[in-house]
Structure formats: C-alpha cells, structure tokens
1. Calculate the radius of gyration of the Cα atoms of the range A:315-420 to one decimal place, then report Dmax, the largest Cα-Cα distance, as a whole number, both in Å.
2. Might you report the magnitude of the Cβ-based charge dipole of chain A about its Cα centre, with Lys and Arg at +1 and Asp and Glu at -1, to the nearest 20 debye?
3. Among B:LEU262, C:ALA45, C:SER84, whose Cα projects farthest towards the positive end of the dipole of the protein assembly as shown, with charges put on the beta-carbon of Lys, Arg (+1) and Asp, Glu (-1)?
4. With the Cα gyration tensor of the range C:8-116 giving a ≥ b ≥ c as the square roots of its eigenvalues, does the rule (a/c under 1.5 for rounded; else a/b larger than b/c for prolate; else oblate) give rounded, prolate or oblate?
5. On each of the three principal axes of the Cα atoms of the range B:247-286, give max minus min coordinate, whole Å, ordered largest first.
6. For the range B:17-64, what is the convex hull (Cα atoms) projected area averaged across all directions, in square nanometres?
7. Looking at chain B as a GNM with Cα springs under 10 Å, which of B:GLN34, B:GLN290, B:GLN142 has the largest mean-square fluctuation?
8. Classify the range B:143-232 from the C-alpha gyration tensor, please: rounded if a/c falls under 1.5, else prolate or oblate depending on whether a/b exceeds b/c.
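Every read-out reported here was derived from the displayed coordinates using simple, explicitly stated rules and does not represent laboratory data. Every value quoted in this text rests on a predicted model; they were computed, and no experiment measured them. Here Cβ is always computed from backbone atoms with ideal geometry, including for glycine, and neighbour counts include all displayed protein chains.
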Amino acid sequence: MSALILRNGRVIDPANNVDVVRDVYVSDDKISATPAAGARLVDATGCWVVPGLIDMHVHLREPGGSAKETIATGTRCAARGGFTSVVCMPNTSPPADNPGTIALIRQRAEETAMVNVYPTGAITRELKGEELAPIGSLKRAGVVAITDDGRCVQNNDLMRRALQYAGMFGLPVLDHCQDYQLSADGVAHEGHWSLALGLRGWPALAEDVIVMRDILLAEDTGTHVHCQHISSGRAVRLLREAKRRGVPVSAEVCPHHFTLTDEWLKTFDANFKMNPPLRSEADRQALWEGLTDGTIDCIASDHAPHCPFEKEVEFDVAPFGIIGLETELALSLELVRKKILTVRQLVEKFTVNPARILGLSKGTLSVGADADITVIDAERDWVYDVGQSASKSRNSPFHGWKLRGKAIMTIVGGKVVWEE
Amino acid sequence: MTTVQWQRKDLVGIYELSAAEIELVLDTARAFKQVGQRAIKKVPTLRGKTLVNLFIEPSTRTRTSFELAAKRLSADVINIDTTASSLVKGETLKDTAKNLEALNADIIVIRHSAAGAAHFLASRLRASVINAGDGAHEHPTQALLDAFTIREKKGRIAGLNVLILGDILYSRVARSNIWLLTKLGARVTLSGPATLVPRQFESFGCRVTYDLDGALAEADVINLLRIQHERQRRSAFPSIGEYSTLFGLTKERFARTKPDALIMHPGPINRGVEIDSDLADCERSVILEQVTNGLAVRMAVLFLCAGGART
Amino acid sequence: MNPVVIMDAAAIDRSITRMAHEIVEQNPSAELAFVGIHTHGVPLAQRLARKVQSICGREFPVGSLDITMHRDDLDLRRDLPRVSASHIPWDVNGREVVLVDDVLFTGRSVRAAMDALIDLGRPRRILLAVLVDRGHRELPIRADFVGKNIPTALTERVRVRLREVDQVDEVVVEK
C-alpha cells in the first residue's frame, strides 16, 4: 500500500487542460481525488508535477547486447531521467521479430525493470527488409508498434503491404527513414563540415526520400506512420504539408539533433556519430520550427548504448548512436527557455502525444489513472558526469555539460523509483 | 621574416595553422633543403630520437620521404606498414598507439584511410604526431611542399591564381592545399566533374567552375589531382575516356595556358588520364622538384615538432 | 640592469683592424676564406675580410653559417631557435677557413660551427676569430684572434650590436 501527497507543485496535465498549483494524491498505484491516511508527504513547492514522461525510442540491448545495456540498467537511466515508460526497439539479438522474444523481453522487464517497458516488434524477419515478420502474433504477444529501427525497409511494395497488414490490428508503424542508396557508406551529414573534414557524406535527402515515401504510403493505406528521429529540415516541411492534408503521420526528434550541429564533428569524437547524423544549423532551426508548430509530435532519446572500446576508435569505424535518457529532459527544457516550446507543449511532447500515437493509457494525471508521475525542478543547475551514469555505456557527447532542469522524483505505479 | 614561435607538438592539418606558422615552416625548409644538396646529407639535429612510420594505408612515396627526412636528421626510423602491423589482426588503433608509446617513440608519422586518425593519436599520445594523410581529410606536408615549390618558382603565393583540377571530393591533398593557399592569399579555383567538385566547396573560400578552358587561361599554377579509384564508392563520371576528354590536361589545352604557368602533381601520375604523358615531363612541370622539396619540408616539420624540449 | 658600454664603434673598428693585421702576419695562403656564424658573426666576417683584402690587396671569399641543426642544446630549449639558410657558395675542401663570431663564451657554438663546416667538406685548417672573449669555456676551444678579452661573471650578459643588424656599433655588458 503506497500513498503519497505531492504538495503544492505546479501541476501541468495537458490531457485535462490543467496548469495550476495544487496537490496531487496517490493511493495504491492510482491517482486519487483525496489524500490517503498515512500517506508520505512530499513538498513539491516550486517544482513541476507532470504525468510520467514517455520516451518512445530507446535501445535496451536485451537480449543479446548486455555488455552495452540491460533492461535493468537502461530503465534505471530512464528513471533518473524522469521517464516512467520507455518503448524499446526490436534490433536485439535475437531480434524481436517473433512472439518468443517479445515474451522474453516482457518477462525480463517484469523481473528487472524500474519503469514500464513497452516492446515493439519488427516489420520484417530479422529486420532484413525481405519478408514480413509475423505481425499478428507480435501484436498478440504485446507489441505497441512495429518498426525495423536501425534499419529501413527499402522495398516500397513490401512496406506498403506491411502498412496494409498492420492497419488491420491498429498498430502504428514507426519508421527509421533512410534510403540506403543515398546514405551509402556516409558517416556525417553531407555539407560544409563533411567536406572540410573529409568524412563521407550522408545527404539529408536520404531521409527526405523515405519520409516522402512514407507519407504517400500512409495516405494510400490509411495506416499511421510515425517517422522516427527526424533530422532534416526538408523532412519537417514534407511532414507539415502532409499533416495539413490530414495524412496519418507523426514525427519525433532527438535532443542531440535539436541541440547539436555537424560542426561538432571537427573534434572527430565518435560520440558525435549517430544515425541519422548531426545536421546543419539550418536543419536544426527547421526542427525548432517543427517543434513549435506541432509538426513534430514527440521528443525521444534514441538511447543507443555502445561499449567504450567500440566507440573509442577511428570515426569511420565507430558504431552509430549515443545514450540519452539522462540528459534528454534538461536539453529539452532549453527549448522552453529559448521560447521554442511553451511549458505545456514540452509536457505534451513527452506525455499525451506519444501515448496517443501508441494507444497507451498513459500520459495523464486524471483521477483513477496509473500513478506515473514525474516531479521536475526546472531551475536546478547540474553538470552531467557520464562516469556516474546508470547506463552500462558511456557514449554521451554531453559529458561535462552544464545543464539546467532535472527530474527530482520519478514515480511509477505509485512507487518512487528515483528521487534526489 | 615572421616572428612567430612554433608551439605545436603535432602537425595534424593545415586548417588549424596560422599564415605565420605556415611561413615559418616554409622558411625553415629552405635551410633544410641545403642539407640535401651537400656531399654529407646529414645533420645531428634529431640524434637519439625515434620516429615510427605507421602506415596503415600503403604509400611508398610518402613513407620513403619521411624515412629519408628522419635519417637526414639522424633520427632512428621504424617502419610499420599495414601488412606487418598487428592492426590487421584486430588490434585497435588505440592499442597500437599505446604500444608505440611504450617503446618510447618520439615521433609517429601516421598514414591512415580514416579521416581523423592523426587527430585521434595526437590527442592520446605524448609523442609528436605527424599526419601523412588521413582518409580524405588532410595531407599537410604535401600542401606545404606544394607551397614551397610555388614560392621557390614564383617568388610569392599571395595574388597567384592556383587551379586545382580533378578529384577534389576524395582528395586530402586538395583540402590541405585549399586551406594553405587561401590563408597565404592565393586565389584558388577548383575544377572537375560536378560529382567530384560540388559547389559546396565554395564555402571554403575558393571558386568552383566547370569551365575548364576559362580557368586554365588565367592560372599561374595548375595542380592536377589523381583520380582516386580506391576511395570512390560509386562512379562519379561515365568513363576514364570521357574524363580525360573533358578534364585531362591535353597538349591543346596546355598550349592555351599562360607561358609561365607551372604544372604540379602530387603523384603518382595516371599518364594519359589527368595529364598527357609528354606534359608530365616538360620543362614547366615541377613534379620531380615537388618530390625533392618534400624532403626539405618534412625535415623542417620534424625539426619544429620534435626538435625542442618535451613539455 | 645597468648596461655598461665596453666598446664603441671606434673601438670595434680598431679591434677588427688589429685582427686583420694578425691574420696577414700569419702569412695566409691563397686558400684563405671567411665564414661568419649566424647572426652577428656574418657582418663581422665581411668587415674582417674587407680589412684583410685592403692590407694584402687580394680578395677572399666570405660565407655565412647557420649552426642550429648542429647545436647540442636543442633538447633543453622550450623555444626553438629559428633556422636560417647557410650561404657558402664556394668549395670548402682544402680551404683555410677563418670562423668568425661575435662572442666566445662556452665554446659550444664554435664546436657546432666546426661540425657544420666539416659536413660541407674538409677544410685544410680552421681558425677562429672573435670580437669578444668573455671566458667561462666548457669545451677545450680557444680563439686564434681576439678583439678584446672581457672578464665577466656568469650572471652577466655580453651584447654585441652591429650596424648591419642593430643600426649601431657597440659592445655592452649587462649585469
């Protein structure tokens, strides 16, 4: 029996149009209208009390990659970062292209996870982009979406069939938008810095072409397509136009893409190597505009742990990806300070919006809802020390950064899983 | 005469050098060029120091040049090339570097197919790291020897029209040359097929043109680059034949250049592709002098980076 | 820091004249040549050569020598000395070379100069002329021709300034 009184915080609950200073009560694992007897009193004065944050794009590496991360360590990062729910990608080993692997992930999450873990299933067998995975069985096994993330189905006919088929189950399709012919063996955004540094270029066009393809397929099939980690300004424009026409598409952006640009590559530090690559200042500004006008629905980390020995190599051969769950909130709060997002918009992009896209009954502080709550001190100054990360990996470009804003309490199903 | 002091342990690229530092290297190289012209072509300047030529991408010419430069400075030289190195057995560059440091190497000259490899070593080792070419990033000693040759032949660099022709996209020589020449006030023009010379290069402060004849007519120096078959991931032009027709330096084109225009090439030359075979050997070609000057420039760089007290 | 002028322009000129006479008294062969050590030895070598020529009516070749590459203290120096080109446009083999420097102190520069010179060929004989000998030798080296002996303390600095480089002729000692 857990009971909490979160006293006097600024309660921001976009699902209920709420932004007032008041108390929030938790009784057992639900939000309650009244305080329970013997409840723990938490003074939230000066803090934000928001629905538990959802990160709809993380790699927990289990099964098969436990040197990089496990469900236990990855969800510990999530809890520290203020996230009460994470959506994990299917590029594990074996890949999550079958109900058995989904069952394993759910069981391990049951046993070891600190926060809610929602698995996704593969679109194609072994994420090879050749044959459909058993999407119906995956749905029954409990996936919230299908995606080949890390890879992208190149065959337009196969992708069309995947959308038609997934539509039957109401499953959204999350797409990692990358045309392999255009990205080729690129390692850096094709532009001034890839030319200056002699790094093989990866044009934004490689993303744009697939985003356009996905828009057409979503329009054609009526199935919801969610474009993952959008990095290109032109892709934002294409999505904006498609949404205006009522096409069922949505999009997410990662903190590194709206915080950094390709100029950082001049350090040749592989912690600035990710897929899609860091892009130009013009792209970064277009992402800001997409966040402001709602073209981009969600912020997600694409938390992608890699061992130090894998990353501390020549830039060309290092794997793509960085960890991000612990720095995500602070980097996103910067958008509020820059007047790119209102506080409400920021909370929406972490709560109601991903819940809506994935059909989760999460992301609200309504009475009777699951007591997933994040308490945020938006003014807390801190320095990110990746050496102290809860992750098994250390591949963050934000080590040593002075950040502002932090989750000081993370509550999952009424249980405090992280507090500072 | 510049008064700048050389403070660098490493030479990773031209990008980070000031014009004064570049001129210091060129001035210093003049003194070292004399050493090679004497009966006894050796000075004791780096006596007792050890230089490792770590060539993870094959190159006989550059490796030989560094080896001879080091020997003329009385340094001991160890050559590690890709076949002999344990790198092929899966050892990482970081491991290799730490091993070399354990052997107390003073200078590591690195050639590597990955951009940033010299940077990677320089930031992790106490030894001096000299970049002998990293992927398509930089080849600073080549640009310095090109500039040395131009200055020797033309007496200056500022104000000259330098045309760099050919495969710019995959060329580290082109990048180092562009940085160096623009820092010293030359006007740099790039030409070649649009797939290898994208317009985006204009953000480097040079001009991009696909009108080769116009560019040739005003060039004081023509620097020809080799087509880098090994770095091109897909075909950038239909055929070698079409390339040499459109962008090769033929006798007809050469006849319309300025009478004192120099022909340069970092080598090795694809005769009949980027340049007519006879032109490579004509009296306006300084291709072999570039090789000679390469030694002097490399001696100067080794002296400046590794000659003083270790900090 | 109170610099004391030890030699003025006239004194420097007298010293060079006297050294020139001493060189001529040694009955120089036709193979006599002068080599100044960078930087201040170079104008001194030119002046000395002109004096010798005016006395015996013959011309002798003059050159300049940069000794940086042969120094034994490079490893100890945080600031590298600037390397200049040497200029000896004649064959060193068989010559009777008068090395010329401004100040003879530890002898290490002269050692480096002899090595640098011998790398260029095999002179029949090397002689040494210095404007000032301030003592404190660290190597078994002595000058054949000395403009002026100036006893100094190790902490003092001797500065030779010459018109060609410094726009003034003087020798000062700084405490």
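1. When restricted to the Cα atoms of the range A:315-420, Rg and Dmax are 15.6, 52 Å.
2. Around 680 debye, computed over chain A.
3. Going by the Cα projections, it comes out as C:ALA45.
4. On the way: a/c = 2.30, a/b = 1.58, b/c = 1.45.
The shape class here is prolate.
5. Reported extents, whole Å, longest axis first: 25, 19, 15.
6. 5.1
7. Of the options given, B:GLN34 has the highest mean-square fluctuation.
8. It comes out prolate by the Cα gyration axes.
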